[in-house]
Amino acid sequence: MTGHLRLGFLVVIIILFASLLFLLNKDGVAPLLVPEGVPPVRAPDYVLEDFSAIRTDENDAGYKMLLGKKMVHYPDDDSAELEQPRLITIEPGKPPVQLKADHARMSAEGEDIYLSGNVVIVRNAGKGRGETILTTSLLHLVPDQDIARTDKPVEIIETNATIRAIGMEMDNRTGTTQLLSQVKVVHDKKR
């Protein structure tokens with residue numbers, strides 16, 4: 001009789017436990033420990049520290065070099081986050097361009113790169129032009145099109161002028177820069 005009581009007690013506990021699970025999870029899916037509306041934690045598949053990568057053109061005449069303190073790659077969307085990235089571009093017939101920032105986020109295959117925090121682009125002097133330095137807080141790069149754009153304040157310092165504006169689009173293929181609004185130019189003949 002004691003065995004039947006133990007078995008009956010065990011069955012009652014199992015039924016109560018199953019009922020509790022059913023009530024907590026009415027749709028049949030295991031209950032999550034993460035509250036609703038909170039995105040799942042992303043897990044990287046690899047991390048690189050103090051890295052460099054070089055991409056050459058088909059004739060090996062030009063190249064793009066990406067350096068950084070740290071890169072974290074996420075397999076769910078093939079994106080990467082970088083700390084202290086630096087990009088150096090060398091192309092035949094064009095002055096070298098160097099770019100640096102505090103952080104960057106790259107989409108899959110590097111189609112889009114978003115730089116943030118102390119973004120600086122330096123285009124070295126060349127072909128009758130002096131050095132150009134551009135600073136901003138956020139910059140969207142489209143490397144395959146050689147385009148850089150922002151809707152944030154920018155400052156461009158050239159040999160004899162300082163230009164400030166809100167928003168900019170720079171096309172490195174054509175060498176043109178379009179300033180979008182609130183453009184102010186200070187011309188300095190002394191430089």
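Overview of results
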{"item": "Built amide H within the under 5 Å cut-off of G130, gap 5+", "result": "T159"}
{"item": "Among A165, H103, G117 the positive-end extreme of the charge dipole of the range 46-187 (Cβ point charges)", "result": "A165"}
{"item": "Cα gyration tensor category, rounded, prolate or oblate, for the range 85-147 with a/c compared to 1.5", "result": "oblate"}
{"item": "Cα radius of gyration and Dmax for the range 35-146 (Å)", "result": "15.9, 61"}
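Readers should treat all values here as calculations from the given coordinates under stated rules, not as data from a laboratory. Keep in mind that what you see is a predicted model, and the values were worked out from it rather than measured. Quick reminder, even Gly has a Cβ in these numbers, built from the backbone with ideal geometry, and neighbours come from all protein chains shown.
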